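Read the structure below first, then the notes.
None of the figures in this text is laboratory data; all of them are computed from the coordinates on show. Fair warning: this is a prediction, and the values are worked out from it, not measured in the lab. Every residue, glycine among them, receives a Cβ derived from its backbone with ideal geometry; neighbour counts consider all protein chains shown.
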Amino acid sequence: MSQYHLEIRVKPRPGLLDPQGKAIHHALNSLGWDGVHDVRVGKAMYIDLDAASEDEARNTAEAMCRKLLANPVTEDFEVTVVGVAEGATS
Amino acid sequence: MKVAVITFPGSNCDYDLYKAIQMVDGEASFVWHRDRGLRGYDAVMLPGGFSYGDYLRPGAIARMSPVMEEVMDFAAKGGPVLGICNGFQILCEAGLLPGALMPNRSLKFQSKDVFVRVERADTLFTADYDAGAVLRIPIAHHDGNFEADQETLRRLEDDGRVVFRYVDRSGEPTDESNPNGSWHNIAGIVNDGGNVLGMMPHPERAMEPILGSTDGRGLFTSILRSLTPA
């Protein structure tokens, strides 16, 4: 067993209205960043998880996303394994 | 009529709902989200509020409560389930209703009276209204912007499952009368079986003249009548 550090990014699906992203987009434009064409706001979650392998850690996190962390109607997710502490737990 | 009012940590319309049920001579009981045992109840209602502080997404954590498994069973057997505001959000998260409730397009909490049109008067929740009737009912939410994929939205309209729609005073579903950006001004929908209704407006806050409107009563009298053998 190793402890894996995971970063989970949950973001609004393409094409879906994201009022928060839109508001930030306008704010950036009004501050002079004219080159900004789109802003989408999602969220990031950092999870430490015991697993036997990186694949297992990733599969577990994806199951968490499907069941709770992301809403399949409105959000997509991405799981990244950012680190591992070998033998941290047993 | 025995009605279970499910309460979650953060529910805040539970007593209003309890009282509304009593006002139409129903028998109301609170059922705590950790409890089980919906046997013996004729209807289940999920109140508004901010269960679990709306953490993650409104309704996302409440939907995992032990009692929700029983609510799913109750609904699957055809039992009437009504979700108001946060209750609607929980029903969507639980998959008992399609779609999701996104943040209002204004990004502001909207608390005011709105007009909604009764699109279907042939559901067990709306039989005491006339189709096309315009009701004045309060809303109070930050995430009431109904959204779903195109296929789901098309089916909701084609199958006549939109029960309430935001309209102006004269009954027209205009953009100005849409308080949150909901697709097609949707304010309330039913499931396929017609026994699960979710709505953002608060009929339990429109029960007495002193509160400014009695237009919510019809919802509760309809449910009561559907459960009372003729």
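General remarks:
- In chain A, the ratio of gyration radius to Kirkwood radius, Rg to Rh, stands at 1.14 when only Cα atoms are counted.
- Over chain A, DSSP H runs of length four or greater, each weighted -39,500 (n - 2.57), average out per residue to a 222 nm ellipticity of -8000 deg cm²/dmol.
- Size of electric dipole in segment B:2-227: Cβ of Lys, Arg +1 and of Asp, Glu -1, about Cα centre, debye, nearest 20: 340 debye
- Cα gyration tensor shape for segment B:111-230, rounded if a/c is under 1.5, else prolate or oblate: oblate
- Gyration tensor over the Cα atoms of the protein assembly as shown: the corresponding equivalent ellipsoid has semi-axes (square roots of 5 times the eigenvalues, largest first) of 37, 26, 16 Å.
- Normalised contact order of segment B:2-227, rounded percent, pairs of Cα under 8 Å and 6 or more residues apart: 20 percent
- Applying Stokes-Einstein at 4 °C and 1.567 mPa s to the Kirkwood radius of segment B:167-222, computed over alpha-carbon pairs, gives a translational diffusion coefficient of 101 µm² s⁻¹.
- Among B:Thr7, B:Gly83, B:Met23 - extreme Cα towards positive end, dipole of segment B:1-160, charges at beta-carbon: B:Thr7
- Local net charge near B:Asp54, Cβ-Cβ under 12 Å (Lys/Arg +1, Asp/Glu -1): -1
- Compared with the dominant principal axis of the Cα atoms in chain A, helix A:19-30 is inclined by about 60°.
- Ranked for footprinting exposure by Cβ neighbours inside 10 Å, fewest first, B:Phe8, B:Phe88 give B:Phe8, B:Phe88.
- Directionally averaged shadow of segment B:1-105, computed from the convex hull of its alpha-carbon atoms, nm²: 6.4 nm²
- Translational D in µm²/s for segment B:54-126 (Stokes-Einstein at 37 °C, 0.692 mPa s, Kirkwood Rh from C-alpha pairs): 234 µm²/s
- Rounded to the nearest 10 degrees, the inclination of helix A:54-64 to the longest alpha-carbon principal axis of chain A is 60 degrees.
- Cα lying deepest toward the dipole's positive end in chain A, options A:Ala51, A:Asn29, A:Pro12, charges on Cβ: A:Asn29
- The string of couplings for segment B:130-144 from the Karplus curve (6.51, -1.76, 1.60, θ = phi - 60°) is 8, 4, x, 4, 9, 10, 9, 9, x, 10, 7, 7, 9, 10, x Hz, one whole number per residue in order, with x for Gly and Pro.
- The Kirkwood radius of segment B:2-227, taken over pairs of alpha-carbon atoms, gives through the Stokes-Einstein law at 20 °C and 1.002 mPa s a diffusion coefficient of 126 µm² s⁻¹.
- Whether segment B:16-68 is rounded, prolate or oblate, judged on the alpha carbon gyration tensor where a/c under 1.5 counts as rounded: oblate
- Given +1 at the Cβ of Lys and Arg, -1 at the Cβ of Asp and Glu and no other charges, the dipole of chain A around its Cα centre is 460 debye to the nearest 20.
- Only helices enter this figure: runs of n ≥ 4 DSSP H residues, each worth -39500 (n - 2.57), summed and divided by the residues of chain B, yield -6000 deg cm²/dmol at 222 nm to the nearest 500.
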